[in-house]
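Peer 1: Before I ask anything, here is the structure I am working with.
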Amino acid sequence: MTFPAYMNNEESTKISTPVLTDIDSVRQWLEDLRWMTETECMTVLQGKSIQAEDGDSLPSPVRNTKEHIKMVRKRAHIITAECAKLFHKLDKERWKKVHSNALRITCTIRSLLHDISAHSPNLAIDVFQQQQVVMEECAQLIKHVESIGEINGEKPQKLPMVHSLTCLGQAFTRLIDKVLAHEVRTIVEGVADSPSAYCIKASITSLVGVAQGEPQMCHLIVKEGGVRALFTICRQDTANFVKSQALRAVATLCSVPEAIAEVEKVDGVGCLTDILCDPLTTEATRTEVAGVLAQITSPMLDHYRHVSGFIENMEDLLRGLIGLCETATSPEVFLLGSAAIANITFLDSMASEFLARYQVARVLITSSVRLKVSSIFIKDQLCTVLANVAMLEQCREDIILCNGLTVLVGFLHEKPPYNKQTERVACERVQQKAAIALARLCKDVNTAGVVKQLRGLQRLVELCRKPKERNYSDSVLVACLATLRKLATVCGEDEFSQEDLIQLVQPRLIDSYLICSSLQESFV
């Protein structure tokens, strides 16, 4: 190795490591760079928030509203339960327990009010005023409770404490109602006024999550304009991305009568008809329309009534629903479409005429075979439609031509032992409606003969004589007895055994019913 001229030999001998070339220096720098960080850059990066979809972050008032509502309701329920226990302690005059329970309740209430204010610092003035009322009632209760230990040898006065606890409970209930209304209002405003698609979707998701299976929350959402806001979105041509979600939210809310009344006020049926009949509407969105229609027309609702707008739009609705069932790509789509059709057949006799015009029997039977439906709930809807339209001659012909007799006799052979109670009840309805449909179809000897060849007559007798086959259902028994009598009238009593004639056909219906009911097993 050679050294520069200014270095002497002694200095040169002290150098024991090689000198890096330019290339080696660059390589070493690159290796070191992997482990080097600049504090300023890292601080800036850590300070940046992660952007949400489409660059819009979910507004903070909406972000945790669903979880906050659940928290408030859960803790309010706990406080209410504690108040009930305190009432019990007062009634039994367990004064030592009264003192500790009252302190625990007031502390829990104060903690909840603190968390509510921390989550929603911009609460309305009436909510803050109600919070003050609750705090005053808490102080009043503690004042009465603390006085227990100051009484010398005298029995504490129970009535003032009961009155104070009652006032606290009422004030607390009003406060929780106001807080929940405020939170719901935040969600509804997110649906109506959000600037982006992502925010609207998130708000509707929160709304559905809050309303699912909670009638009280459905009432609040409707009261705060939730139904109106959802239909406003459904009417916007630019909101196709969220229409399915909005319609599902409407169906969820319509479990309470106030929501259905609101649907009438905003001409919801007309809006649903437009969406259903629009050829550009996707199957998913049309399916959600069918879900809303099935919900607001369900005869199972306690508040069942005619909804304004149905008569005017009935033909278009039925045509759209039949088209949905005809092109259904899954059993789930077929279920909602057929359920809506089945419910509408109960609304007005005019529905059957429209169904006959659009050959509903052919469409439903053909589609059910194509989709290989096995759900007992789908069979229930199909049976309902066939039984209701079988009163019209044109529909009877369509049912027979489309192999409907085979389908209905097959429904008679459904077995009740399903796992869930809802499935067992649905199986009973299928058997009952299949029997009713067969009775309405057997207007001539030929049709009755086909039912007999399909072993329908034998199955009807079996359902009457073996209670377990019909899950001990009286409604199935009555339907089967009526159908047997109709078959006997059409094709003659020669088709029946002597025992069946004596017990099932010839006596009065009530007598045959009593004979078959006495066959039920005793579980005593």
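Peer 1: Cα-Cα pairs above 36 Å in the chain: how many percent?
Peer 2: Cα-Cα pairs of the chain separated by over 36 Å account for 57 percent.
Peer 1: Summing +1 for each Lys or Arg and -1 for each Asp or Glu, what net charge is found among the other residues whose Cβ lies under 14 Å from the Cβ of SER497?
Peer 2: Around SER497, the surrounding residues sum to -4.
Peer 1: Quick one: work out Rg over Rh on the C-alpha atoms of the stretch 211-348, Rh as Kirkwood radius.
Peer 2: Looking at the stretch 211-348, the ratio lands at 0.93.
Peer 1: Excluding ligands and nucleic acids, what accessible area in Å² is computed for ILE116 using a 1.4 Å probe, to the nearest 10?
Peer 2: It works out to around 0 Å².
Peer 1: Okay, next question. If you bin every alpha carbon distance in the stretch 289-359 into 5 Å steps from zero, what whole percent lands in each bin?
Peer 2: 3, 18, 30, 26, 16, 6, 1
Peer 1: Which loop-located trypsin sites (Lys or Arg not before Pro) does the stretch 91-186 contain, where loop means any DSSP state but H, G, I, E or B and the Cβ has at most 16 other Cβ atoms within 10 Å?
Peer 2: ARG94
Peer 1: Go through LYS85/LYS143; LYS74/LYS243; LYS66/LYS178 and tell me which ones have a Cα-Cα distance over 25 Å in this structure.
Peer 2: The pairs that break the limit, which is 25 Å between Cα atoms, are LYS74/LYS243.
Peer 1: So if I place +1 on the C-beta of Lys and Arg and -1 on the C-beta of Asp and Glu, and nothing else carries charge, what would the dipole magnitude of the chain be about its Cα centre? I want it in debye, nearest 20.
Peer 2: Dipole magnitude for the chain comes out near 1960 debye.
Peer 1: Give me the percent of Cα-Cα pairs in the stretch 296-455 that sit more than 24 Å apart, rounded to a whole number.
Peer 2: When every Cα pair of the stretch 296-455 is considered, 31 percent fall beyond 24 Å.
Peer 1: Compute the label zone of LEU301 within the stretch 223-254: residues whose backbone N is under 16 Å from the point 7 Å along Cα-to-Cβ.
Peer 2: 223, 226-228, 231, 247-254
Peer 1: So what J values fall out for the stretch 85-99 if you push phi through Karplus, 6.51 cos²θ - 1.76 cosθ + 1.60 with θ = phi - 60°, rounded to Hz, Gly and Pro as x?
Peer 2: The phi angles translate into 5, 5, 4, 5, 5, 5, 4, 8, 6, 8, 5, 5, 5, 4, 4 Hz.
Peer 1: With only alpha-carbon atoms counted, please give the Rg and Dmax of the stretch 365-463, in Å.
Peer 2: Here Rg and the maximum Cα pair distance are 12.9, 39 Å.
Peer 1: Got a sec to turn the phi values of the stretch 213-222 into Karplus ³J(HN,Hα) couplings, 6.51 cos²θ - 1.76 cosθ + 1.60 with θ = phi - 60°, whole Hz, x for Gly and Pro?
Peer 2: x, 10, x, 4, 5, 4, 4, 5, 5, 5
Peer 1: Helix 360-371 against the longest principal axis of the chain: what's the angle in degrees, Cα atoms only, rounded to the nearest 10?
Peer 2: With rounding to tens, the tilt is 60 degrees.
Peer 1: Give the long-range amide H neighbours of PHE496: residues separated by 5 or more places, or on another chain, with amide H under 5 Å away, using H modelled in the peptide plane at 1.01 Å from N.
Peer 2: The answer is none.
The values are calculated or read from the model by the stated rules, or taken from the named source; none is laboratory data. Quantities reported herein were computed from a predicted structural model and do not represent experimental measurements. Because the Cβ atoms are built from the backbone with ideal geometry, glycine has one as well, and the counts that use them run over all protein chains shown. Heads up: the accessible areas ignore ligands, DNA and RNA and are worked out on the full protein's heavy atoms, side chains in. Shrake-Rupley method; radii C 1.70, N 1.55, O 1.52, S 1.80 Å.
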